[in-house]
Each structure stands twice: as C-alpha cells, then as structure tokens.
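The values are calculated or read from the model by the stated rules, or taken from the named source; none is laboratory data. Please read these numbers as outputs of a predicted model, since none were measured by experiment. Backbone-built Cβ (ideal geometry, glycine too); neighbour counts: all protein chains shown.
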Amino acid sequence: MKTTAQKGLWAEQIAFAHFCSKPNTIVMTALNGIGLCDFCTINTETGRVQKYDVKYGGKRFHHGDMRLIHRVASDKQKKLGIRLIYVMEDGSIKIPQPKKKKNEK
C-alpha cells in the first residue's frame, strides 16, 4: 500500500507529464515542493500563466457508491488564482471548472 506522500508525489509527476505534452506550454515546478502551488504553466504564445495545486483523486464510499474526496482551496490559493487539479488512480486528470460568483452570469 502506498503512503499518502507517495500518492501525492506520483500525482504531481503525472500532472507534470500531462502539461508538458501540451503544445506551447512550459511547466515550472515549485522549489522543493514548498509553497501554495505545486507548479505553474506558461503558454509561450499568449503569455498566460496558470497556477496549480495537485491533489491525488482519492475516493470513498458515500451513500452506496464511490465519490471523489472533494478538496477546497485555501483562502490564499483562491485569492492568488491557484487551481486545484486531481490526478485519479488510473492516471487521468480532472480539472474542476471554477465556480462563478453569484453576481456573475
């Protein structure tokens, strides 16, 4: 059985590989895994920077079926626009869409 730390490290490497395979994308990782986000991506054509915090997509039983364990970004992560992404046990990536604020359409 893998430890939580091992699952997290594995998930980060899968996420890096996922984004490295995208065209015009450079992946920049956090130094020694310290900080509010695990890595950033830079689009070399548009200059757009995205910040991500990787979570292992663990599941648990809920009302008879397996459900993703939902994680919530910290207030600082929300303020800085850091997105949470999930790497599932099968290596697939799930990037939840940010929720719109009530006053947005």
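Taking each residue of region 78-98 that is over 16 Å from Ser21 (Cα atoms) and looking for partners that are charged (D, E, K, R) and outside any strand (DSSP E or B) with beta-carbon atoms closer than 6 Å, six or more apart or interchain, yields Leu84/Arg71. In region 63-82, is there at least one residue being modelled with pLDDT of 90 or more, under 16 Å from the mean Cα position of the chain (by Cα) and either acidic (Asp, Glu) or surrounded by 15 or more Cβ atoms within 10 Å (Cβ to Cβ) (or both)? Yes; the residues of region 63-82 include at least one that is modelled with pLDDT of 90 or more, under 16 Å from the mean Cα position of the chain (by Cα) and either acidic (Asp, Glu) or surrounded by 15 or more Cβ atoms within 10 Å (Cβ to Cβ) (or both). Going by the structure shown, is Leu36 touching a helix residue (DSSP H, G or I) at 6+ places or on another chain (Cβ under 9 Å), without any contact (Cβ under 8 Å) to a residue 12 or more places away in the chain, of a type in the set (A, V, I, L, M, F, W, C) and surrounded by 13 or more Cβ atoms within 10 Å (Cβ to Cβ)? In short, no. Within region 4-14, not a single residue is more than 19 Å from Arg71 (Cβ to Cβ) and either in contact (Cβ under 8 Å) with a residue 40 or more places away in the chain or part of a strand (DSSP E or B) (or both). The condition of being modelled with pLDDT under 90 and buried (at least 16 other Cβ atoms within 10 Å of the Cβ) holds for only one of Tyr52, Tyr56, that being Tyr56.
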